[in-house]
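Report on the structure given below.
Only the coordinates and a few stated rules stand behind these numbers; no lab work does. Keep in mind that what you see is a predicted model, and the values were worked out from it rather than measured. Neighbour counts are summed over all protein chains in view; Cβ atoms, including those assigned to glycine, are modelled from backbone coordinates with ideal geometry.
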Amino acid sequence: MNNQHNEIILAGFGGQGILFIGKVLASAGLAFHKEVSWLPSYGPEMRGGTANCRVIISEEPIGSPYIVTPNMLIAMNKPSLEKFEDTVVPGGYIAIDSSLITQEIHRKDVTAIAIPATKIAADMGMRKSANMILLGKFVKESGLMTLDELKEGVKKSVPATKTAMLETNFKAVELGFQS
Amino acid sequence: MSDKVLMKGNEALAEAAIRANCRFFFGYPITPQTELAAYMAKKMPKAGGLFMQAESEVAAINMVYGAAGAGARVMTSSSSPGISLKSEGISYIAGADLPCLVVNIVRGGPGLGGIQPAQSDYFQATKGGGHGDYHMVVLAPASIQEIVDLTGEAFDIADRYRTPVMIMGDGMLGQMMEPVTFENVGKGASDLPEKTWATDGTHMKRKKNIINSLYLQPEDLEKLVLEREQRYQVIKEKEVRYEASMIDDAEYVFVAYGTTARIVKNAIKTLRAEGYKVGLIRPITLFPFPEKILAETAKRVKGMLCVEMSTGQMVYDVRLAANGACPVEFFGRTGGVVPVPDEIIASFKKMVGGDK
């Protein structure tokens, strides 16, 4: 896991599993002794369309959990990309699901990561796992953490009784990591 | 570290309460507090306790009154509009000298207001809410771990002084997740007084106890109110809690509590890097208020800036404590808007007269 102070905004439609992949990242950070915070949106935007959460993974105690200028953004729909693209700090990372967002990332001062996660998920017969495929790809390209560390986060976020769900999620992040 | 778990503030508070031997929860759902009651519904029966969703907030607080009178460790939780409804009951509980925990996960007001984080219930929590000469001890955590630790302490403080205690968080603290450990949560301090006043049955061995807040003879009522006031004085001496950060060399000091204090810490980091000598005093108890440290600090700094998610409520207590020794300015956002470090920094620079 990299030793930077990472501020990550994850955003998309409600139901895409945005809050869950945020939890996976925070859980992985915790498993490897980082300071972490996870802050969800719970207001009208969640009911009207976009859900988002803000995750901080850091070596130092976390001040404000409310991220204004993230260094990493994962966007799973167009409104989310439009809302947060300009807030990402120069040199940061933006990852999008290119099956759902047809426009390009216009920022030239960030690392753009695009993967047709929803299409890959559908082709593989794992429709609900687009979020995990995108997460795997994002983690690899950003160097945020290793695949094993990410899988530890998945393990900590899936209820112990749901072994089938765990296997599917492992497979999905591996798929994202390898593509 | 590995024994830490990632939990929402609302759920962590509920878990801490169960571990602190709270066995009765009465509540009514309201955003952004609902996960607390939901967690209780799931876990309290497994701990051998009782969870009840009452028909209203008014009913819930009166159930708390009853259970507290019988000597139980009991709590309720709500958010701002619900606490207004509970305020009558809280006054009765204070008037009957009963211990209990009331949680307020504050949202924007007045009225139904909104559901986003706010600190606009400071007056209600510290200056009354209900009627009469009474106070609650008010604890204001700033992290999920502090929520957990203060929950254990809250029940002990309530039992020690026979008073309702409030934990006041906000929507952000209720909803966010952070790693927590429950290792500091005890089942109750060993030196707590026995509840000899509880109406838990005489078993034919003692005279009956009566729980009451009605005293028609003014002299009787005055005596009780003054006795209670004595207890508040002891609370003021013994229970003040605060965090002082980087105030030793500070020329200016921020005063903020809860979520806002965390945002101020980000602002302080930036300001320190720019060469400003700034620090923070974070009240953890809002009643009793950390007057002494503020009074001492006010005498040697050039100014204080109080930051709140309100139009300015705690700032009155800061000014009283500073007592004119230094200027006390205010910056706030309200209605559920969470301030960002940049606007706090801008407000500070305005106060000190522009950029360095």
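Projecting the Cα positions of A:A112, A:T87, A:V154 onto the charge dipole of the stretch A:6-178 (unit charges on Cβ atoms of Lys, Arg, Asp and Glu, taken about the Cα centre) puts A:V154 furthest along the positive direction. Structural descriptor for the stretch A:16-100: relative contact order 23 percent, calculated from alpha carbon pairs under 8 angstrom and at least 6 residues apart. Rounded to the nearest 20, the size of the Cβ-charge dipole of the stretch A:70-179 about its Cα centre is 340 debye, with Lys and Arg at +1 and Asp and Glu at -1. Against chain B, whose longest principal axis comes from its Cα atoms, helix B:258-273 is set at around 20 degrees.
DSSP beta bridges in the protein assembly as shown, what fraction antiparallel, as a percent rounded to 5?
Here the antiparallel bridges make up roughly 35 percent for the protein assembly as shown.
In the protein assembly as shown, the C-alpha radius of gyration followed by the widest Cα-Cα span (Dmax) gives 24.8, 83 angstrom. Label zone (B:K46, point 7 Å along Cα-to-C-beta; backbone nitrogen cut-off 15 Å) within the stretch A:149-166: A:159-162. Residue exposure proxy: A:E7, B:E183, B:E57, ordered by other Cβ atoms within 10 angstrom of their Cβ from fewest to most, comes out as B:E183, B:E57, A:E7.
Using C-alpha pairs below 8 Å separated by at least 6 residues, the relative contact order for the stretch B:242-352 is 29 percent. If I build a Gaussian network model for chain B, linking alpha-carbon pairs within less than 10 angstrom, which residue out of B:I293, B:I167, B:I144 has the largest mean-square fluctuation? Judging by the Gaussian network model, the answer is B:I293. Of B:V278, B:V240, the sequence from fewest to most neighbouring Cβ atoms within 10 angstrom is B:V240, B:V278.
For the stretch A:1-60, the Cβ-based charge dipole about the Cα centre amounts to some 240 debye (Lys, Arg positive; Asp, Glu negative; other atoms uncharged). Placing dummy labels 7 Å off each Cα toward the beta-carbon, the span from A:K155 to B:T181 is 2.1 nm. Multiplying the residue separation of B:S213 and B:K292 by 0.36 nm and removing their Cα-Cα distance gives an extension gain of 25.1 nm. Taking other Cβ atoms within 10 Å as a rough exposure proxy, B:H203, A:H33 sort from fewest to most as B:H203, A:H33.
For chain A, what class follows from the C-alpha gyration tensor (a ≥ b ≥ c being the square roots of its eigenvalues): rounded when a/c is under 1.5, otherwise prolate if a/b is larger than b/c, else oblate? Verdict is rounded for chain A.
Separation of the stretch B:4-21 and the stretch B:212-279, taken as the distance between their Cα centroids, equals 24 angstrom.
For chain A, the relative contact order works out to 23 percent when only alpha carbon pairs closer than 8 Å and six or more residues apart are counted. By the Cα gyration tensor, chain B has an equivalent ellipsoid whose semi-axes, rounded to whole angstrom, run 36, 23, 18 from largest to smallest.
A full extension of the chain between B:A273 and B:E88 corresponds to an added length of 61.7 nm, given 0.36 nm per residue minus the alpha carbon distance.
Take the Cβ atoms of B:R231 and A:V89, set R0 to 51 Å, and the FRET efficiency comes out at 0.45. Restriction of the trypsin sites (Lys or Arg not before Pro) in the stretch A:84-130 to DSSP coil positions whose beta-carbon has at most 13 other beta-carbons within 10 angstrom yields A:K108.
For the residues B:N104, B:N21, B:N212, a GNM of chain B with alpha-carbon springs under 10 Å puts the largest fluctuation on B:N212.
Here the gap between B:A244 and B:V58, fully extended at 0.36 nm per residue and compared with their Cα-Cα distance, gives a gain of 63.1 nm. Note on chain B: GNM, Cα springs under 10 Å; of B:K43, B:K207, B:K277, the largest mean-square fluctuation is that of B:K207. Among beta bridges from DSSP that stay inside the stretch A:64-157, the antiparallel ones total about 0%. Comparing Cα centroids, the stretch B:336-356 and the stretch B:180-197 end up 42 angstrom apart. The stretch A:130-157 and the stretch A:14-77 have Cα centres lying 14 Å from one another.
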